[in-house]
1. Ranked highest first by average number of other Cβ atoms within 10 Å, how do 634-642, 285-293 line up?
2. Counting helices only, and only those DSSP H runs with n ≥ 4, report the 222 nm mean residue ellipticity of the chain as the sum of -39,500 (n - 2.57) divided by its residues, in deg cm²/dmol to the nearest 500.
3. Between Glu671 and Lys594, what FRET efficiency comes out of the Förster formula 1/(1 + (r/R0)^6) with R0 = 25 Å and r the beta carbon distance, rounded to 0.05?
4. Measuring from label point to label point, each 7 Å out along Cα→Cβ, what is the Val584 to His537 span in nm?
5. What does the charge add up to near Glu538, with Lys and Arg as +1, Asp and Glu as -1, over the other residues with Cβ less than 14 Å from its Cβ?
6. Please grab the % of Cα pairs in region 436-488 that end up more than 18 Å from each other.
7. What spacing in nm lies between the two simple spin-label points modelled at Val273 and Arg129, each 7 Å away from Cα in the Cβ direction?
8. Which entries in the list Lys437/Lys594; Lys221/Lys332; Lys198/Lys258; Lys20/Lys145 go over 24 Å, if you measure between the two C-alpha atoms of each?
Amino acid sequence: MFIESASEKFIQGTFSANAKGFGFVKTDQDQDDLFIGRFNTNLAMQNDEVLATIIRPGHPGQVPEGKIEKILSHANQQVVGVFSAGVNQEDLPKTLNADNFIGKIVFRDEKMQDYLYLVDKKGLFPHDRDSVTATTSRFPNTDTKKILIGSVNKIIGRSDAPGVDILEIVYSLKIPSVYPQEAQKQASAISQSIDLQKALAQGRPDFRDQKLITIDGDDTKDIDDAVVVWRLDNGNYHLGVHIADVSHYVPIGSELDKEAYNRGTSVYLTDRVIPMLPTEISNGIASLNPNEDRLAMSCEMEIDQNGQVLKYKIAPSIIRSHARMTYNEVNKILAGDPQSRQKYADIADMIDQMGQLHKILAQMRKKRGAIEFDTDEAEIIVDKNGHPIDVVLRNRGIGERMIESFMLAANETVARHFDHQHLPFLYRVHEVPEGDKVTNFFEFMRAIGHSIKADPKNLKPRDFQEALDKVAGSPEEMMIKTMMLRATNQAHYSPEPIGHFGIAAKYYTHFTSPIRRYPDLVVHRLIKHYLKNGTGHEATAAVRDKLPQISIDTSQKERRAVDAERATNDMKFAEYMEDHIGEVYPGVVNSALKFGLFVSLENTIEGLVHVSTMTDDVYQYDQTRQSLIGRTHHHIFSIGQKVMVQVINANKETRKIDFKLLHPETAPTTEIRLAEPDDFHSSNRRGHDRDFKRSHRSGKNDFDRRKGQHKGGYQSTGKYRLRKGRH
């Protein structure tokens with residue numbers, strides 16, 4: 001955001017710090033990040049809201065450089081870390097007395113490890129090595145530039161106790177994990193059976209005689225969708241998608257609703273889930289357990305042989321699931337397994353029809369250009385103490401894809417209905433990628449010999465799908481998928497129906513998971529609101545002004561949940577690899593950067609091969625091809641390239657894994673010769689800052705260079721388990 005003053009322009013944004021001391025001010029999505037050198041941070045810390053000015057404009061390939069003028073708000077009002085008892089006076093400036101402090105907090109975050117956080121006597125008195133949260137009362141100033149002071153307000157537990165490591169992440173991201181007493185009391189009072197007569201009297205259609213089934217993972221407890229399919233006499237298909245009517249149990253403005261809004265989404269962290277709603281709802285009355293009457297929100301569709309929805313009905317209903325199926329069981333039935341088909345003889349034919357309809361829907365989406373990122377998913381297996389003992393791949397079978405097809409169809413149908421009526425509504429949107437990221441992607445495609453006839457300024461989903469089709473089955477396929485993910489924007493919620501680029505959908509919403517996503521709950525409420533109050537001015541005015549803020553808040557809470565999942569997985573991956581130091585693995589280069597190669601193993605675990613360990617040659621970075629090239633022997637390392645690596649270090653605390661590249665001499669060579677960079681031998685103390693600044697391309701970049709992960713949008717990455725409707 002730009003703010004005009006009498007003499008200059010101020011830029012408001014969020015400071016993103018680097019462990020080396022420099023950082024970037026992240027602004028609105030249509031503006032470049034602003035590079036801040038280590039001497040211009042003005043004591044700003046990670047995620048502080050700041051005002052900055054530009055001291056050197058940017059140019060192609062380089063972001064502008066700025067200076068932080070003022071800190072508007074401190075992000076570290078609450079901190080999480082490990083308490084260390086005792087403070088030595090010699091570690092403090094003369095203005096501070098060690099007798100006033102009981103200890104300090106040690107941070108796991110490398111961006112905070114240079115700071116000394118002193119714990120005063122105003123709060124709780126933890127034991128040494130306890131994990132704690134603290135409230136900050138004093139931030140760094142010109143006299144004590146690296147010192148914070150605060151009081152302990154919560155003792156999470158012993159830092160080495162099972163599960164505390166994950167709780168530290170939960171608290172650090174301020175994710176609510178304990179339901180307030182009043183909200184829990186409200187949930188506990190909810191009856192665990194429906195009032196059938198009242199529901200019928202309200203005019204809800206009764207679908208209990210239909211053979212609805214639920215299809216989920218083996219360990220799923222919050223079952224919120226049921227489906228049914230049959231062939232119509234005209235050859236079309238009837239698809240019924242029936243979703244738990246959570247809105248019936250969560251009144252607007254209630255304490256239960258306030259806490260659900262505060263959470264925004266359920267959070268899935270390795271061996272636990274932090275539910276958006278109490279288990280009385282999520283695992284109880286709103287879970288579509290077999291052979292139990294339930295209230296639902298139903299979307300019934302008639303779909304033709306081309307995958308087009310010809311007719312539909314959207315309304316509250318009464319349902320009963322006839323079977324709780326798992327993906328494994330459904331996949332066996334679809335594969336023709338005799339025992340499974342005999343065991344489920346009453347629904348096996350219907351499941352066959354479901355498979356047929358899925359193929360039709362999948363073909364329809366492919367024809368319109370939807371991008372199919374088909375990657376494996378990783379599951380971390382932990383023991384009773386939460387220690388990871390294995391990381392296994394979970395292949396997505398037809399059953400998983402089939403349910404995803406049905407949920408997509410329902411979500412699109414609901415969104416189309418309300419857009420065509422021009423009613424205020426909440427949509428799931430995914431903007432068309434644009435800017436340097438897209439241009440760089442197509443330049444990269446051309447550089448490796450795959451020219452795509454696409455206009456980066458008028459991009460279509462099928463342009464990306466064409467790129468995937470060209471490299472399907474080739475060694476560079478994974479490389480192209482990785483690059484493409486990095487070029488996409490981040491999906492989010494909006495009251496404006498701007499469409500969903502990734503699935504090539506003109507209309508899209510989230511209707512199918514109200515147990516675990518607040519936006520779906522809002523969508524259900526809007527459906528009921530218009531059914532009850534009509535679609536006139538008074539009805540639309542009652543909801544119109546509320547939707548923009550709901551969109552912003554729920555999008556932010558979704559990103560918070562994703563950050564927690566990533567942080568937890570990174571930590572558990574590193575903890576797992578601590579037990580495998582010295583072992584050798586095949587891997588694939590996931591990204592090549594100036595400082596090294598990120599390599600993904602077959603189980604999706606990723607580590608860094610730092611350029612300093614590549615001692616067989618001096619390697620230079622080729623920006624166009626995003627490769628490292630040896631100056632003497634001319635070996636080239638590019639994204640998608642297969643390599644062998646050895647684990648040389650893993651650290652659960654920092655969540656980092658380091659690899660050493662084996663047999664670099666077997667890598668392909670190239671005729672490319674790069675000019676020696678001007679600052680190749682520079683000893684200028686700001687050289688590192690300058691080098692990183694040049695690597696930070698202009699435009700918004702959702703790729704975290706240290707972790708090598710794409711941060712959002714339309715994705716089904718191998719590293720994180722896909723749940724229904726994550727698009």
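1. 634-642, 285-293
2. Result for the chain, helices only: -8000 deg cm²/dmol.
3. 0.70
4. Calculated label separation equals 7.8 nm.
5. +1
6. Tail of P(r) above 18 Å: 16 percent of Cα pairs.
7. 3.5
8. Lys198/Lys258
Since every read-out is calculated from the coordinates, none of them should be taken as a lab result. On a predicted model such as this, the values are computed, not experimentally measured, just so you know. Every residue, glycine as well, gets a Cβ built from its backbone with ideal geometry; the counts of neighbours run over all protein chains shown.
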